[in-house]
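What follows is a short report on a single structure.
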Amino acid sequence: MSNENRIDTYRRKLLGGGAALVAGVTIAPGVILNTVAQAAKPGDRPLDRPVDDSVRWGLLVDANKCDGCEKCVTACHETHGVKSHGRPETDAQWIRVVKLRDRKTGYEQQLPVMCQHCKHPPCVDVCPTGASMKRADGIVLVDKHICIGCRYCMMACPYKARSFIHESLEGEQLPHAPRGKGTVESCTMCVYRVDNGQQPACVEACAAEHGEEGKALIFGDLKDPNSEISQQLKKYGGKQIRADLKLDTGVRYQGI
Amino acid sequence: MSVEFREIEGKSMGYLGLLALLGGILALGLGAAYYMEHNGHWVTGMTNQIVWGVPHVFAVFLIVAATGALNVASVATVFNRHVYKYMGRLSGLVAISLLAGGLMILVLDLGHPDRLIVAMTHYNFKSIFAWNMILYNGFFAAVFVYLWAMMDRNARPLYKPAGIFAFAWRIILTTGTGSIFGFLIAREAYNSAVMGPMFVAMSFAYGTAIFTLVLLASYAWTGRPLGDLVVRRLKNMLGIFLVTVFYFVLVFHIASLYVAQRHGVEEFLLFGDNIYSTLFWVGQMLIGLVVPFALLYLPGTSGSRFWLVIASLLVVIGGVIQMYVTIIGGQAWPLDLFPGLEESSSFFDGVIHPYHPSLPEFLLGLGGMAATLLMIALGVKILRFLPMSLEDHVVDPQHHKAAD
């Protein structure tokens, strides 16, 4: 074998070995992650692992049980440091109780409305920078670092779910709920609690006020057929607000 | 025959006074923007209900007018109308100045103007807003190349392709601007594909009106001769565009009136006991369309430059009012989350949203307009945008008065 041929053989082996190594390094973690993902259950995802779409978080609101007590509103705004500045038109509201009245029959009911965490969120579609985003598990969020405050998402949201921070925030900031003047915000489905295996604050407050039987809010994984939310939806059905828009909301309603 | 282009002298007290006036208004606008950014938007009339206010009215008006102002150049390049050829440079200058003024307002009204670099580096390609950012930047580039081709003999071969490209780009851009509203699925006052072409028609009218005003002022103030042929052509063009706008406004509202779901919002905007109905009929239709159209064609006022100036000013005023009706009026009508049911909440569901525009908002809007005019005024002094003469025999050597 000439020297040249020997070098060629060496090169081939080196390249082959390198390719195998690269393939191993890139594919193996994916395989491992995939295995871990399949084994994961809602609420116990390690915080250092990316969110995946093995779950889809959702909320179920039973309008028949909602008495408009607004405990959910208080809990939400307290846990996120959302305070009134005495200016209702510019004050942020992440969740609100909407009263409904049928003009013909006079039938009245009330229910909480918040970000509906759409599968096809218009706010995410229109956001120029990608600050409005949807996590793989269905939670719609705003990345406060790249929100430029254009408010196009507020124009696009069919649910009036978003608020713009109209003033400097002093002493209202909480470490788990970053907010900032000049950015847009909305219900995060208490992402920091969900990631820690807890229920959203509104759901917890509703259950604490009305008990397990009387609670109007249920949180859970819409993809898991055995979750309480899926069972309830299977049994009694559920509607979406503005279902005609086909946004496939993560928040569902009964009794409307 | 070659036409001589020359910078204006720009040493008169009138010119310096104009610069000082525009600079002053711009400074007030910038001060207003600082005030709003420093305190936060609560000091404006904008709220969580009316999220886009007066700054957007001015900004969208200027951006829409910008593409229309390029029309004069396009008519010469794309449609081979020789008469318009020598106004091409000014047309390009007015176009980019209008766009710059509009964008200035838009950026300064952002919650985070300091993050402009984020907007330029993070693109969500599904966002029509992001498309518009690309379209705006592309428009600047396209018009710069177009101007270069018009002003540099060596770049002559680029003239036709650059002109055609800029024309196509501007149609897409204005369609995109209209679609910012047209694609808002949940808002009953918008959500219509007609908004794209309607904005294109409006851009032709607003841009031509502003170009006419700039041209007439430039020639009157510099004492350069301006023939009737050019003026008459601009007048007729403006007339045709006003009819086109009327057509699209008619189609837009009739289509909406046909849909039962939209009866409420149409009644609110067109026949309601509110400011928007008044602004629509008196401002948008009467001041912005009917009166200027009459002034352009009635025997008593038709040939007069004075009345052409008045008509063009009315088109501009009517255009700003139209944007107010479209942008503010469209938001004032509440979102209907539960069709057929009365809604109420602490977040103003189910009620007409009030809007009280604040002085800083107007100042920022006027500041953007001043920035536009300042750019034009400085532009014609620094570079050769204006022909020494636009007399009839210059713009059209074969012209015979009786033939037109």
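The values are calculated or read from the model by the stated rules, or taken from the named source; none is laboratory data. On a predicted model such as this, the values are computed, not experimentally measured, just so you know. Ideal geometry is used to build each Cβ from the backbone, glycine not excepted, and the neighbour counts take in all protein chains shown. Accessible surface is based on the protein model in full, side chains and every heavy atom, while ligands, DNA and RNA are left aside. Shrake-Rupley method; radii C 1.70, N 1.55, O 1.52, S 1.80 Å.
Points worth noting:
- Overall dimensions of segment B:116-213 as given by Cα atoms, namely Rg and Dmax in Å: 15.9, 52
- Per-residue shielding of B:35-41, expressed as the average number of other chain Cβ atoms within 10 Å of the residue Cβ, stands at 4.
- Report note on the peptides B:347-358, B:365-376, A:233-244: ranked by the mean count of other C-beta atoms within 10 Å, highest first, their order is B:365-376, B:347-358, A:233-244.
- Between B:Phe144 and B:Asn274, the distance separating the two model label sites (each 7 Å from Cα on the Cα→Cβ line) works out to 4.3 nm.
- Amide proton proximity set for A:Thr183, modelled H, under 5 Å, gap of 5+: A:Ile165
- Solvent exposure, largest accessible area first (probe 1.4 Å, DNA, RNA and ligands not counted), of A:Glu89, A:Glu213: A:Glu213, A:Glu89
- As a size descriptor, the averaged projected area of the C-alpha convex hull of chain B was calculated at 21.2 nm².
- Shielding of peptide B:177-185 by partners, expressed as the average count of other chain Cβ atoms within 10 Å per residue Cβ, is 3.
- Hydrodynamic analysis of segment B:197-323 uses the Kirkwood radius over alpha carbon pairs. Inserted into Stokes-Einstein at 10 °C and 1.306 mPa s, it gives a translational diffusion coefficient of 103 µm²/s.
- Loop exposure criterion: GluC sites (Glu not before Pro), DSSP state outside H, G, I, E and B, at most 15 other Cβ atoms within 10 Å. Applied to chain B, the longest stretch between such sites is B:10-404.
- Too-long pairs where the Cα-Cα distance tops 27 Å, listed order kept, from A:Lys65/A:Lys239; A:Lys215/A:Lys239; A:Lys144/A:Lys239; A:Lys181/A:Lys223; A:Lys99/B:Lys126: A:Lys144/A:Lys239; A:Lys181/A:Lys223; A:Lys99/B:Lys126
- Spread over its residues, the convex hull of the C-alpha atoms of segment A:43-147 is 183 Å³ per residue.
- Sorting B:258-265, A:111-118, B:231-238 by their mean Cβ neighbour count within 10 Å, with the most densely packed peptide first, gives A:111-118, B:231-238, B:258-265.
- Across segment A:49-61, rounded Karplus estimates of 3J(HN,Hα) from the backbone phi angles (6.51 cos²θ - 1.76 cosθ + 1.60, θ = phi - 60°) give 10, x, 5, 10, 9, 6, 10, 9, 6, x, 10, 10, 10 Hz, Gly and Pro being marked x.
- Look at the stretch A:93-100: the mean tally of other chain Cβ atoms within 10 Å of its residues' Cβ atoms is 6.
- Partnerless cysteines in the protein assembly as shown, where a partner means another cysteine C-beta under 4.7 angstrom, comprise A:Cys66, A:Cys69, A:Cys76, A:Cys118, A:Cys127, A:Cys147, A:Cys150, A:Cys157, A:Cys190, A:Cys206.
- The protein assembly as shown, accessible surface, carbon-and-sulfur percent (1.4 angstrom probe): 64 percent
- Alpha-carbon Rg with Dmax, taken over segment B:277-319, Å: 10.2, 33
- Simple label model, 7 Å out from Cα along Cβ direction - A:Leu174 to B:Met13, nm: 6.6 nm
- Calculated FRET value between B:Ala20 and B:Ala220, using beta carbons and R₀ = 25 Å, to 0.05: 0.80
- Cα-based Rg / Dmax (Å) for the protein assembly as shown: 29.6, 104
- For segment A:96-168, chymotrypsin sites (Phe, Trp or Tyr not before Pro) are listed when DSSP marks them as loop and at most 13 other Cβ atoms sit within 10 Å of their Cβ; the list is A:Tyr107.
- Nonlocal amide H pairs with A:Asp224, under 5 Å, H built at 1.01 Å: A:Arg56
- Solvent-accessible area per residue in segment A:57-254 equals 39 Å², computed with a 1.4 angstrom probe and all protein chains kept.
- Put a plus charge on the Cβ of each Lys and Arg, a minus charge on the Cβ of each Asp and Glu, and nothing anywhere else: the dipole of the protein assembly as shown about its Cα centre is then about 1900 debye.
- Virtual paramagnetic centre 7 Å along Cα→Cβ of B:Tyr123, amide N under 18 Å, in segment B:180-198: B:180
- For A:Gln198 and B:Leu250, the FRET efficiency from 1/(1 + (r/R0)^6), where r spans their Cβ atoms and R0 equals 60 Å, is about 0.60.
- Note that segment A:167-174 has calculated 3J(HN,Hα) couplings of 8, 5, 9, 10, x, 9, 6, 10 Hz, one per residue in order, obtained from phi through the Karplus relation 6.51 cos²θ - 1.76 cosθ + 1.60 (θ = phi - 60°); glycine and proline are x.
- Rounded accessible area per residue of chain B, 1.4 Å, Å²: 40 Å²
- Chain B: angle of helix B:159-182 to the longest principal axis, Cα-based, in degrees nearest 10: 20 degrees
- Mean projected area in nm² (Cα convex hull; one quarter of hull surface) for segment A:57-254: 11.8 nm²
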